[in-house]
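The values are calculated or read from the model by the stated rules, or taken from the named source; none is laboratory data. Values in this document were obtained by computation on a predicted structure and should not be read as measured data. Heads up, the Cβs are rebuilt from the backbone with ideal geometry, glycines too, and the neighbour counts pull from every protein chain shown. For accessibility, only protein heavy atoms count, side chains too; no ligands or nucleic acids. Shrake-Rupley method; radii C 1.70, N 1.55, O 1.52, S 1.80 Å.
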Amino acid sequence: MIRTIKPKNARSKRALAKKEAKLVENTKTALFVPGATGNKLLHDAMCDLMALKKPEAKKFSKKNEIRPFEDASELEFFSEKNDTSLMVFSSHNKKRPNTLIFTRFFNHKVYDMIELSIQNNVKLLQDFKKLTFTIGLKPMFVFNGPAFDNHPVFQHLKSLFLDFYRGEETDLQDVAGLQHIIALSVGEIEDLNETKNLPLLHFRVYRLKTYKSGQKVPRVEIDEIGPRFDFKIGRRVTPAPEVEKDANQKPKQLEAKVKKNVSTDFMGDKVAQIHVGKQDLGKLQTRKMKGLKSKYDQDSDFDNESEDFMDEDIEYDAPQPKKQKV
(Lines give C-alpha, C1' and ligand atoms only; values in the text may rest on other atoms or scores of the structure.)
Protein backbone atom coordinates (compact mmCIF):
# COMPACT_ATOMS: atom_id res chain seq x y z
CA MET A 1 0.00 0.00 0.00
CA ILE A 2 1.11 3.56 -0.69
CA ARG A 3 1.21 5.55 2.52
CA THR A 4 -0.89 8.70 2.64
CA ILE A 5 1.16 11.89 2.78
CA LYS A 6 -0.25 15.23 3.82
CA PRO A 7 0.25 17.74 0.98
CA LYS A 8 2.82 20.46 1.71
CA ASN A 9 2.05 22.78 -1.20
CA ALA A 10 -0.74 23.66 -3.62
CA ARG A 11 0.64 21.50 -6.41
CA SER A 12 0.62 18.29 -4.37
CA LYS A 13 -2.80 19.21 -3.01
CA ARG A 14 -4.22 19.48 -6.53
CA ALA A 15 -2.61 16.15 -7.48
CA LEU A 16 -4.27 14.39 -4.53
CA ALA A 17 -7.61 16.06 -5.27
CA LYS A 18 -7.59 14.52 -8.76
CA LYS A 19 -7.35 11.04 -7.23
CA GLU A 20 -10.23 11.52 -4.80
CA ALA A 21 -13.64 10.00 -5.43
CA LYS A 22 -16.00 12.16 -7.50
CA LEU A 23 -19.69 12.07 -8.36
CA VAL A 24 -18.76 11.82 -12.05
CA GLU A 25 -15.48 9.93 -12.34
CA ASN A 26 -12.78 10.76 -14.84
CA THR A 27 -12.29 8.73 -18.00
CA LYS A 28 -10.72 5.38 -17.13
CA THR A 29 -7.03 5.11 -17.96
CA ALA A 30 -5.42 1.85 -19.11
CA LEU A 31 -1.94 0.70 -18.15
CA PHE A 32 -0.04 -1.69 -20.46
CA VAL A 33 2.54 -3.77 -18.58
CA PRO A 34 4.92 -6.13 -20.46
CA GLY A 35 5.74 -9.39 -18.74
CA ALA A 36 9.20 -10.89 -18.30
CA THR A 37 8.47 -13.56 -20.93
CA GLY A 38 6.94 -11.28 -23.55
CA ASN A 39 7.93 -11.36 -27.23
CA LYS A 40 7.73 -9.05 -30.23
CA LEU A 41 4.21 -10.15 -31.21
CA LEU A 42 2.84 -9.26 -27.79
CA HIS A 43 4.73 -5.94 -27.84
CA ASP A 44 3.22 -4.98 -31.22
CA ALA A 45 -0.24 -6.17 -30.17
CA MET A 46 -0.15 -4.05 -27.02
CA CYS A 47 1.00 -1.02 -29.02
CA ASP A 48 -1.94 -1.41 -31.42
CA LEU A 49 -4.46 -1.84 -28.60
CA MET A 50 -2.97 1.21 -26.89
CA ALA A 51 -3.34 3.23 -30.12
CA LEU A 52 -7.11 2.64 -29.94
CA LYS A 53 -7.17 3.73 -26.29
CA LYS A 54 -5.13 6.93 -26.59
CA PRO A 55 -4.88 9.45 -24.99
CA GLU A 56 -6.09 7.60 -21.83
CA ALA A 57 -3.26 5.06 -21.94
CA LYS A 58 0.13 4.46 -20.30
CA LYS A 59 2.79 1.88 -21.10
CA PHE A 60 5.74 0.50 -19.16
CA SER A 61 8.96 -0.09 -21.07
CA LYS A 62 10.56 -2.33 -18.44
CA LYS A 63 9.54 -5.99 -18.21
CA ASN A 64 8.08 -7.24 -14.94
CA GLU A 65 8.19 -10.72 -13.40
CA ILE A 66 4.55 -11.06 -12.30
CA ARG A 67 2.10 -13.97 -12.15
CA PRO A 68 -1.29 -12.22 -11.94
CA PHE A 69 -3.43 -15.32 -11.23
CA GLU A 70 -1.17 -16.35 -8.35
CA ASP A 71 -0.32 -12.98 -6.79
CA ALA A 72 -1.90 -9.75 -8.05
CA SER A 73 -0.49 -7.47 -5.34
CA GLU A 74 2.05 -5.89 -7.71
CA LEU A 75 -0.67 -5.13 -10.27
CA GLU A 76 -2.71 -3.46 -7.52
CA PHE A 77 0.37 -1.43 -6.55
CA PHE A 78 0.81 -0.28 -10.16
CA SER A 79 -2.89 0.60 -10.34
CA GLU A 80 -2.78 2.77 -7.22
CA LYS A 81 0.52 4.43 -8.06
CA ASN A 82 -0.49 5.35 -11.63
CA ASP A 83 -4.19 5.97 -10.82
CA THR A 84 -5.43 3.51 -13.45
CA SER A 85 -8.44 1.21 -13.28
CA LEU A 86 -7.68 -0.86 -16.42
CA MET A 87 -4.60 -2.94 -17.16
CA VAL A 88 -3.25 -5.27 -19.86
CA PHE A 89 -0.42 -7.64 -18.95
CA SER A 90 1.48 -9.72 -21.52
CA SER A 91 2.81 -13.22 -20.90
CA HIS A 92 4.22 -16.05 -23.01
CA ASN A 93 5.08 -19.67 -22.15
CA LYS A 94 4.82 -23.10 -23.69
CA LYS A 95 1.49 -23.97 -22.08
CA ARG A 96 -0.17 -20.58 -22.71
CA PRO A 97 1.56 -18.84 -25.64
CA ASN A 98 1.01 -15.19 -26.67
CA THR A 99 -1.33 -14.30 -23.83
CA LEU A 100 -2.84 -10.95 -22.88
CA ILE A 101 -4.44 -10.65 -19.43
CA PHE A 102 -7.10 -7.93 -19.19
CA THR A 103 -7.74 -6.70 -15.63
CA ARG A 104 -10.17 -4.24 -14.11
CA PHE A 105 -9.75 -2.65 -10.70
CA PHE A 106 -12.21 -1.27 -8.16
CA ASN A 107 -10.80 0.88 -5.36
CA HIS A 108 -7.33 -0.21 -6.59
CA LYS A 109 -8.17 -3.88 -5.95
CA VAL A 110 -8.60 -6.53 -8.63
CA TYR A 111 -12.25 -6.54 -9.71
CA ASP A 112 -12.12 -9.14 -12.48
CA MET A 113 -9.53 -10.70 -14.79
CA ILE A 114 -9.62 -12.68 -18.03
CA GLU A 115 -6.89 -14.32 -20.13
CA LEU A 116 -6.97 -14.07 -23.94
CA SER A 117 -4.47 -15.96 -26.11
CA ILE A 118 -3.66 -14.56 -29.57
CA GLN A 119 -4.04 -17.13 -32.36
CA ASN A 120 -2.26 -17.34 -35.71
CA ASN A 121 -4.64 -15.11 -37.70
CA VAL A 122 -2.99 -11.81 -36.71
CA LYS A 123 -2.83 -8.62 -38.72
CA LEU A 124 -1.41 -5.48 -37.14
CA LEU A 125 -1.95 -1.80 -37.97
CA GLN A 126 1.21 -1.68 -40.06
CA ASP A 127 -0.17 -4.41 -42.35
CA PHE A 128 -3.19 -2.33 -43.40
CA LYS A 129 -3.53 0.73 -45.57
CA LYS A 130 -3.00 4.01 -43.77
CA LEU A 131 -6.65 4.71 -42.96
CA THR A 132 -6.50 6.32 -39.56
CA PHE A 133 -8.96 8.29 -37.42
CA THR A 134 -8.66 11.17 -35.00
CA ILE A 135 -7.28 10.25 -31.58
CA GLY A 136 -9.74 10.52 -28.70
CA LEU A 137 -12.97 9.86 -30.60
CA LYS A 138 -15.55 7.49 -29.16
CA PRO A 139 -15.92 4.26 -31.16
CA MET A 140 -19.08 2.46 -32.14
CA PHE A 141 -19.47 -1.16 -30.99
CA VAL A 142 -20.91 -4.16 -32.80
CA PHE A 143 -21.39 -7.51 -31.01
CA ASN A 144 -22.19 -10.31 -33.45
CA GLY A 145 -23.60 -13.46 -31.89
CA PRO A 146 -26.30 -14.36 -29.33
CA ALA A 147 -23.61 -15.54 -26.87
CA PHE A 148 -22.96 -11.93 -25.83
CA ASP A 149 -26.46 -11.86 -24.32
CA ASN A 150 -26.89 -15.33 -22.79
CA HIS A 151 -23.43 -16.79 -22.02
CA PRO A 152 -21.66 -15.60 -18.81
CA VAL A 153 -18.12 -15.65 -20.27
CA PHE A 154 -19.02 -13.59 -23.33
CA GLN A 155 -21.17 -11.27 -21.22
CA HIS A 156 -17.99 -10.68 -19.20
CA LEU A 157 -16.06 -9.93 -22.40
CA LYS A 158 -18.75 -7.57 -23.65
CA SER A 159 -18.70 -5.61 -20.40
CA LEU A 160 -14.89 -5.56 -20.41
CA PHE A 161 -14.42 -4.14 -23.93
CA LEU A 162 -17.25 -1.63 -23.47
CA ASP A 163 -15.60 -0.42 -20.29
CA PHE A 164 -12.14 -0.46 -21.87
CA TYR A 165 -12.89 1.63 -24.99
CA ARG A 166 -15.92 3.59 -23.79
CA GLY A 167 -14.08 6.90 -23.57
CA GLU A 168 -15.50 10.03 -22.02
CA GLU A 169 -19.17 9.90 -21.09
CA THR A 170 -21.07 12.82 -22.60
CA ASP A 171 -24.56 13.69 -23.79
CA LEU A 172 -23.27 15.58 -26.83
CA GLN A 173 -23.46 13.69 -30.11
CA ASP A 174 -21.80 14.66 -33.38
CA VAL A 175 -22.16 12.50 -36.47
CA ALA A 176 -18.80 13.72 -37.74
CA GLY A 177 -17.15 12.09 -34.70
CA LEU A 178 -18.38 8.60 -35.61
CA GLN A 179 -15.34 7.46 -37.55
CA HIS A 180 -14.49 3.89 -36.47
CA ILE A 181 -16.20 0.70 -35.35
CA ILE A 182 -14.96 -2.01 -32.98
CA ALA A 183 -16.62 -5.31 -33.91
CA LEU A 184 -16.54 -8.45 -31.76
CA SER A 185 -17.88 -11.69 -33.19
CA VAL A 186 -18.39 -15.21 -31.87
CA GLY A 187 -19.96 -18.38 -33.25
CA GLU A 188 -22.96 -20.19 -31.85
CA ILE A 189 -22.70 -22.14 -28.59
CA GLU A 190 -24.93 -25.19 -28.14
CA ASP A 191 -24.40 -25.67 -24.39
CA LEU A 192 -24.69 -22.41 -22.45
CA ASN A 193 -23.14 -24.04 -19.37
CA GLU A 194 -19.92 -24.87 -21.21
CA THR A 195 -16.96 -22.75 -20.02
CA LYS A 196 -13.90 -24.63 -21.36
CA ASN A 197 -14.18 -25.45 -25.07
CA LEU A 198 -15.46 -22.06 -26.20
CA PRO A 199 -15.29 -20.65 -29.75
CA LEU A 200 -12.75 -18.00 -30.67
CA LEU A 201 -13.42 -14.31 -30.12
CA HIS A 202 -12.84 -12.30 -33.32
CA PHE A 203 -11.66 -8.72 -32.79
CA ARG A 204 -11.94 -6.34 -35.77
CA VAL A 205 -11.71 -2.56 -36.26
CA TYR A 206 -13.29 -0.74 -39.22
CA ARG A 207 -13.08 2.81 -40.57
CA LEU A 208 -16.38 4.48 -41.46
CA LYS A 209 -16.50 6.29 -44.81
CA THR A 210 -19.42 8.34 -46.11
CA TYR A 211 -20.16 9.33 -49.72
CA LYS A 212 -22.74 11.52 -51.41
CA SER A 213 -25.87 9.60 -52.37
CA GLY A 214 -28.06 12.36 -53.85
CA GLN A 215 -30.29 12.15 -50.78
CA LYS A 216 -30.24 13.49 -47.26
CA VAL A 217 -28.79 10.24 -45.91
CA PRO A 218 -25.22 9.61 -47.18
CA ARG A 219 -23.98 6.28 -48.50
CA VAL A 220 -21.88 4.50 -45.87
CA GLU A 221 -19.02 2.06 -46.45
CA ILE A 222 -16.58 0.44 -44.02
CA ASP A 223 -12.95 -0.54 -44.50
CA GLU A 224 -10.93 -2.69 -42.12
CA ILE A 225 -8.03 -0.72 -40.66
CA GLY A 226 -6.78 -3.13 -37.98
CA PRO A 227 -5.67 -4.49 -35.74
CA ARG A 228 -7.14 -7.96 -36.34
CA PHE A 229 -7.00 -10.59 -33.59
CA ASP A 230 -8.53 -13.97 -32.91
CA PHE A 231 -8.54 -14.64 -29.17
CA LYS A 232 -8.77 -17.98 -27.43
CA ILE A 233 -10.37 -17.61 -24.01
CA GLY A 234 -8.40 -18.95 -21.05
CA ARG A 235 -8.55 -18.46 -17.29
CA ARG A 236 -10.69 -15.80 -15.67
CA VAL A 237 -11.50 -14.33 -12.28
CA THR A 238 -15.00 -13.04 -11.51
CA PRO A 239 -15.85 -10.43 -8.86
CA ALA A 240 -17.41 -11.33 -5.53
CA PRO A 241 -21.16 -10.50 -5.27
CA GLU A 242 -20.67 -7.87 -2.55
CA VAL A 243 -17.82 -6.21 -4.50
CA GLU A 244 -19.90 -6.21 -7.67
CA LYS A 245 -22.78 -4.59 -5.78
CA ASP A 246 -20.53 -1.82 -4.44
CA ALA A 247 -18.95 -1.21 -7.85
CA ASN A 248 -22.33 -0.84 -9.61
CA GLN A 249 -23.83 1.41 -6.94
CA LYS A 250 -24.64 4.95 -8.07
CA PRO A 251 -24.42 8.04 -5.84
CA LYS A 252 -27.75 9.27 -4.54
CA GLN A 253 -27.02 12.73 -5.94
CA LEU A 254 -27.04 11.32 -9.49
CA GLU A 255 -30.20 9.26 -9.14
CA ALA A 256 -33.22 10.69 -10.90
CA LYS A 257 -35.98 11.87 -8.58
CA VAL A 258 -39.12 9.78 -8.90
CA LYS A 259 -42.20 11.87 -9.64
CA LYS A 260 -45.42 10.64 -8.13
CA ASN A 261 -48.32 9.67 -10.40
CA VAL A 262 -46.14 10.10 -13.53
CA SER A 263 -45.32 7.18 -15.81
CA THR A 264 -44.40 6.43 -19.40
CA ASP A 265 -46.47 4.14 -21.61
CA PHE A 266 -45.16 1.67 -24.20
CA MET A 267 -45.22 4.39 -26.89
CA GLY A 268 -42.92 6.63 -24.85
CA ASP A 269 -45.59 9.18 -23.98
CA LYS A 270 -45.71 10.65 -20.49
CA VAL A 271 -48.89 9.81 -18.60
CA ALA A 272 -49.83 11.57 -15.37
CA GLN A 273 -52.69 11.42 -12.89
CA ILE A 274 -53.95 14.81 -11.69
CA HIS A 275 -56.06 15.23 -8.54
CA VAL A 276 -58.49 18.17 -8.75
CA GLY A 277 -60.87 19.32 -5.99
CA LYS A 278 -64.67 19.45 -6.34
CA GLN A 279 -65.66 22.17 -8.81
CA ASP A 280 -68.53 24.59 -8.13
CA LEU A 281 -70.27 25.05 -11.48
CA GLY A 282 -72.27 27.95 -10.09
CA LYS A 283 -69.14 30.07 -9.95
CA LEU A 284 -67.97 29.05 -13.39
CA GLN A 285 -66.98 32.04 -15.52
CA THR A 286 -68.94 32.06 -18.78
CA ARG A 287 -69.04 34.34 -21.74
CA LYS A 288 -70.39 37.79 -20.84
CA MET A 289 -73.54 38.33 -22.97
CA LYS A 290 -76.44 40.70 -22.52
CA GLY A 291 -78.92 37.88 -22.90
CA LEU A 292 -77.47 35.98 -19.98
CA LYS A 293 -78.26 38.67 -17.41
CA SER A 294 -80.75 37.84 -14.67
CA LYS A 295 -83.39 40.30 -15.82
CA TYR A 296 -83.62 38.43 -19.11
CA ASP A 297 -84.18 35.13 -17.37
CA GLN A 298 -86.73 33.10 -19.37
CA ASP A 299 -88.01 31.20 -16.34
CA SER A 300 -89.41 34.37 -14.64
CA ASP A 301 -91.10 35.52 -17.88
CA PHE A 302 -92.66 32.10 -18.34
CA ASP A 303 -94.10 32.18 -14.80
CA ASN A 304 -95.71 35.62 -15.37
CA GLU A 305 -97.27 34.56 -18.65
CA SER A 306 -98.69 31.40 -17.10
CA GLU A 307 -100.32 33.42 -14.31
CA ASP A 308 -101.98 35.80 -16.83
CA PHE A 309 -103.18 32.85 -18.85
CA MET A 310 -104.83 31.30 -15.82
CA ASP A 311 -106.59 34.58 -14.92
CA GLU A 312 -108.09 34.84 -18.38
CA ASP A 313 -109.42 31.33 -18.15
CA ILE A 314 -111.11 32.05 -14.86
CA GLU A 315 -112.86 35.12 -16.25
CA TYR A 316 -113.97 33.18 -19.34
CA ASP A 317 -115.46 30.32 -17.34
CA ALA A 318 -117.42 32.52 -14.87
CA PRO A 319 -121.26 31.95 -14.97
CA GLN A 320 -123.30 34.68 -16.74
CA PRO A 321 -126.46 36.22 -15.07
CA LYS A 322 -129.84 34.87 -16.26
CA LYS A 323 -132.16 37.12 -18.33
CA GLN A 324 -135.39 38.18 -16.59
CA LYS A 325 -138.76 37.66 -18.30
CA VAL A 326 -140.78 40.74 -19.09
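Observations
- Those residues of the stretch 245-263 which are surrounded by 10 or more Cβ atoms within 10 Å (Cβ to Cβ) and either free of Cβ contacts under 8 Å to residues at least 60 places away in the same chain or among the small types (Gly, Ala, Ser) (or both), in sequence order: 245, 247, 262, 263
A quick yes/no check of all residues on (1) closer than 22 Å to residue 237 by Cβ; (2) surrounded by 12 or more Cβ atoms within 10 Å (Cβ to Cβ):
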position	(1), (2)
34	yes, yes
58	no, yes
68	yes, yes
74	yes, yes
79	yes, yes
94	no, no
108	yes, yes
112	yes, yes
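- Yes/no for residue 202 being of a type outside the set (Gly, Ala, Ser) and touching a Lys or Arg at 6+ places or on another chain (Cβ under 6 Å): no
- Matching residues, the stretch 171-193, being of a type in the set (D, E, K, R) and closer than 21 Å to residue 148 by Cα: 188, 190, 191
- Of the criteria (1) open to solvent by 60 Å² or more (accessible area, probe 1.4 Å); (2) of a type outside the set (D, E, K, R); (3) in contact with a strand residue (DSSP E or B) (Cβ under 8 Å, 6 or more places away or on another chain); (4) over 24 Å from residue 40 (Cβ atoms), which one residue 148 fails: (1)
- Any hit, the stretch 170-186, residues being farther than 25 Å from residue 45 by Cβ, out of contact with any strand residue (DSSP E or B) (no Cβ under 7 Å at 6 or more places or on another chain) and either modelled with pLDDT of 90 or more or surrounded by 10 or more Cβ atoms within 10 Å (Cβ to Cβ) (or both): yes
- If you filter the stretch 205-216 down to residues that are open to solvent by 40 Å² or more (accessible area, probe 1.4 Å), out of contact with any Phe, Trp or Tyr (no Cβ under 8 Å at 6 or more places or on another chain) and not aromatic (Phe, Trp, Tyr), you find that the one that is nearest to residue 129 (Cα to Cα) is 209.
- The strands (runs of 3 or more DSSP E) located wholly in the stretch 86-189 that include 3 or more residues which are in contact with a helix residue (DSSP H, G or I) (Cβ under 7 Å, 6 or more places away or on another chain) occupy 86-91, 99-106, 109-118.
- Some residue of the stretch 19-28 being among the basic types (Lys, Arg), open to solvent by 90 Å² or more (accessible area, probe 1.4 Å), touching a residue at least 24 places away in the same chain (Cβ under 8 Å) and more than 25 Å from residue 120 (Cβ to Cβ): yes
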